[in-house]
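Trainee: Please find one structure pasted underneath; my questions will follow.
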Amino acid sequence: MSRKSHWEEIYTGRTPGQLSWFQDRPEPSLSLIRACGLDPDTRIIDVGGGSSKLVDHLLDAGCTNVTVLDLARHPLEQSRARLGDRARAVEWIVADVTAFDPPHPWHVWHHRAVFHFLTEAEERDRYRETLTRALVPGGHAVIATFAPTGPTRCSGLDVVRYSAESLLRELGPEFELLDACEEQHTTPDGVMQPFTYGRFRRSGPGS
Ligand SMILES: C[S@@+](CC[C@H](N)C(=O)[O-])C[C@H]1O[C@@H](n2cnc3c(N)ncnc32)[C@H](O)[C@@H]1O
């Protein structure tokens, strides 16, 4: 089964609130994104956003340039239905981040619970190339993965676990680490999952 079919199937027949990674209010993502210095024109992309409510909260905060990208179409349709008319203000992209040709750059790149599924070094190289092309010089990346003490598998797939420092090594010398924190995420079934969050800045003038 292709990776896309795998993820389409995961979302089929489940409501967003039944998914292990569900958050009603996606903290600490929101506070790390706010720390990037938002104004209404800041261009933000949620990569592998699925049916996350991050987009709802960004619109509530007055952001007018929000993009949500995911490999699977189904969760994006769920988010569009949830947002109703407000969905028209959002750019929706169905694409694989490791083979994505950015149509324009963003100031803030957000990515939660996706990078850890890239278990091959070659995929991570392609991810880094895409990130570097998609982010303006001086732009910020907020990336969250399972922490070193987190689960070794999710949704039937193996994962790679990271500290903020090992995430920085993956991003390479063009990035610096600005903030990091750990979240003890509780799944809808009551299981604790430690996540690492990092806020990174691409070198260059301020975004
Ligand atoms: C565990 S979910 C996390 C969803 C969301 N980021 C959140 O925190 O609620 C992983 C998401 O990444 C998407 N995904 C997996 N591999 C991807 C890839 N190579 N490119 C883009 N999206 C991908 C899946 O379809 C799924 O929506």
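The values are calculated or read from the model by the stated rules, or taken from the named source; none is laboratory data. Remember, it's a predicted structure, so these values are computed and weren't measured experimentally. In this analysis, Cβ positions are derived from the backbone assuming ideal geometry, glycine residues included, and neighbour counts consider all displayed protein chains. Quick note on the areas: whole protein, heavy atoms, side chains included, nothing else; ligands and nucleic acids left out. Shrake-Rupley method; radii C 1.70, N 1.55, O 1.52, S 1.80 Å.
Trainee: Please go through segment 150-159 and give me each residue that is buried (at least 17 other Cβ atoms within 10 Å of the Cβ) and farther than 14 Å from R3 by Cβ, ordered by number.
Mentor: G150 - this is the single residue of segment 150-159 that is buried (at least 17 other Cβ atoms within 10 Å of the Cβ) and farther than 14 Å from R3 by Cβ.
Trainee: Restricting attention to segment 3-38, and to residues there that are open to solvent by 60 Å² or more (accessible area, probe 1.4 Å) and closer than 14 Å to L157 by Cα, which single residue is farthest from the ligand (Cβ to nearest atom)?
Mentor: Here the answer is E9.
Trainee: Just need a number here: residues in segment 58-103 that are open to solvent by less than 60 Å² (accessible area, probe 1.4 Å), closer than 27 Å to E122 by Cα and away from the ligand (no atom under 12 Å from the Cβ).
Mentor: Summing the residues that are open to solvent by less than 60 Å² (accessible area, probe 1.4 Å), closer than 27 Å to E122 by Cα and away from the ligand (no atom under 12 Å from the Cβ) in segment 58-103 gives 3.
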